[in-house]
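The values are calculated or read from the model by the stated rules, or taken from the named source; none is laboratory data. Quick caveat: nothing in here was measured; it's all calculated off a predicted structure. All Cβ positions, even for glycine, are placed from backbone atoms using ideal geometry, and neighbour counts span all protein chains on display. Heavy atoms of the whole protein, side chains included, go into the accessibility calculation; ligands, DNA and RNA do not. Shrake-Rupley method; radii C 1.70, N 1.55, O 1.52, S 1.80 Å.
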Amino acid sequence: QVQLVESGGGLVQPGGSLRLSCTASGSIASIVVMGWYRQAPGKQRELVASVTSGGSTNYVASAKGRFTISRDNAKKTVYLQMNSLKPEDTAVYYCNVVFGRALDWGQGTQVTVSS
């Protein structure tokens, strides 16, 4: 089973930027759609952004224009560039498969947007 390790989170002021990385222990090249999810305290996990093996992307409305998802299959890594961060972006961020059987969830990476 492929393991996922998320990193790059932290504390940032409103308007700031972070780049998240999700590195897999095995190949992700065969996974058609990978995504970044987030879960805020007391809320359900939501899909924030997704990227296909061909590079097509999709975003939740609140992330459009601010977040950019990408993947590097050779490095077995999925990235999420987050700009113009807002307090409501505060959550634990995870990556995983979007369609089909999910991989084991990683520990996530905490993003806190606060002044």
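Taken along the Cα-to-beta-carbon direction at a fixed 7 Å, the label points for LYS86 and THR68 span 2.1 nm. Highest mean packing first, where packing is the average number of other Cβ atoms within 10 Å per residue, the peptides 30-38, 8-16, 89-97, 66-74 line up as 89-97, 30-38, 66-74, 8-16.
I need the peptides 106-113, 50-57 ranked by packing, meaning the mean over residues of other C-beta atoms within 10 angstrom, with the highest value on top.
Working: 106-113: 17.9, 50-57: 14.2.
Top of the packing list down: 106-113, 50-57.
Summing Lys and Arg as +1 and Asp and Glu as -1 over all other residues whose Cβ lies under 10 Å from the Cβ of CYS22 gives a net charge of +1.
Of the accessible area of the chain, with the probe set at 1.4 angstrom, what percent is carbon plus sulfur?
On the way: 2880 of 5880 Å².
Percent of accessible area from carbon and sulfur atoms in the chain: 49.
Taking Lys and Arg as +1 and Asp and Glu as -1, the other residues whose beta-carbon sits under 13 Å from that of VAL51 total 0.
Considering only protein heavy atoms, what per residue accessible area in square angstrom results for the chain with a 1.4 angstrom probe? Walk me through the numbers on the way to the answer.
Values: 5880 Å² over 115 residues.
Solvent-accessible surface per residue comes out at 51 Å².
Quick one: Debye curve from the alpha-carbon atoms of the chain only, equal weights, vacuum; give me log10 I(q)/I(0) at q = 0.18, 0.20 Å⁻¹ to two decimals. Listed by q, the Debye log ratios stand at -0.84, -1.03.
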